[in-house]
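The values are calculated or read from the model by the stated rules, or taken from the named source; none is laboratory data. Quick caveat, the model's predicted, so the values are computed rather than measured. Here the Cβ positions follow ideal geometry from the backbone for every residue, glycine too, while neighbour counts run over all protein chains shown.
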Amino acid sequence: MPYKDKEKERENYKKYYRENKEKIKENVKQYQAENKNEIQEKRKEYFVQRNLIHKEKMKSDAVYRAEVRNRNKKYDRTDKRKSQALMRNFGINIDQYNQLKESQANCCAICDTHYSNLKQALNVDHCHVTGRIRGLLCASCNMALGLLKDDFNLLNKSIQYLQKETPPIKMEFPEYFI
């Protein structure tokens with residue numbers, strides 16, 4: 001029989017739980033074991049529904065979008081993670097990285113592409129032998145140096161190859177290509 005006084009009802013539930021805690025836990029474990037598949041299906045259904053509602057709200061409700069963005073900012077740890085990675089990999093912190101970036105006018109040290117025109121942050125270029133930091137590079141320039149294995153001879157050969165005047169190659173194609 002339900003109580004008329006909700007506060008008294010709540011107190012009795014708490015008392016019952018304290019007195020029968022172990023028995024209740026055993027019953028819950030048993031129920032979960034017997035109904036594992038059903039529980040999983042209900043959870044899946046719940047999360048699918050919740051996700052659909054969230055997506056719909058994100059599309060249509062500007063206030064909800066702003067709330068979600070603000071809520072996510074609280075958990076945004078990108079600067080902290082970046083700082084930890086910089087310290088772990090190169091021995092510098094985020095302030096030193098930003099100082100280096102400003103000293104390069106916020107651009108790649110090789111191609112002078114401004115970081116705002118890049119999809120990724122500027123990469124820390126360093127000597128793999130000494131560990132000395134040389135500067136910040138865009139992903140393309142950093143990859144180019146990596147593919148050339150930081151080898152001056154390969155770099156010079158690449159420059160000579162690009163500067164070489166080569167006659168145009170005349171290629172003959174079969175008739176079915178034309």
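Can you tell me which residue in region 53-96 is farthest from C127 (Cα to Cα), limited to those that are modelled with pLDDT of 90 or more and basic (K, R)? Ranking the candidates gives K57 first. The set of residues from region 130-178 being farther than 30 Å from K82 by Cβ, among the acidic types (D, E) and in a loop (DSSP other than H, G, I, E, B) comprises E165, E172.
For beta carbons closer than 8 Å, sequence separation of 6+ or different chains, a first residue in region 128-155 that is more than 20 Å from Q96 (Cα to Cα) and a second that is in a helix (DSSP H, G or I) and not small (G, A, S), the qualifying pairs are L148/L154; L148/L155.
If you check N72 against the conditions, is it out of contact with any strand residue (DSSP E or B) (no Cβ under 6 Å at 6 or more places or on another chain), free of Cβ contacts under 8 Å to residues at least 24 places away in the same chain and within 30 Å of Y97 (Cβ to Cβ)? Before you say what the answer is, go through the steps one by one.
Numbers: out of contact with any strand residue (DSSP E or B) (no Cβ under 6 Å at 6 or more places or on another chain): yes; free of Cβ contacts under 8 Å to residues at least 24 places away in the same chain: yes; within 30 Å of Y97 (Cβ to Cβ): yes.
Yes, satisfied.
Residues that are surrounded by 14 or more Cβ atoms within 10 Å (Cβ to Cβ) and under 26 Å from the mean Cα position of the chain (by Cα) number at least 1 in the following helices (runs of 4 or more DSSP H) confined to region 17-129: 36-60, 62-74, 78-90, 94-103. Per the listing I24, I53, I110, the residue uniquely without any contact (Cβ under 8 Å) to a residue 40 or more places away in the chain and within 24 Å of S140 (Cα to Cα) is I110. Within region 84-107, being touching a residue at least 40 places away in the same chain (Cβ under 8 Å) and among the β-branched types (V, I, T) holds for one residue alone: I92.
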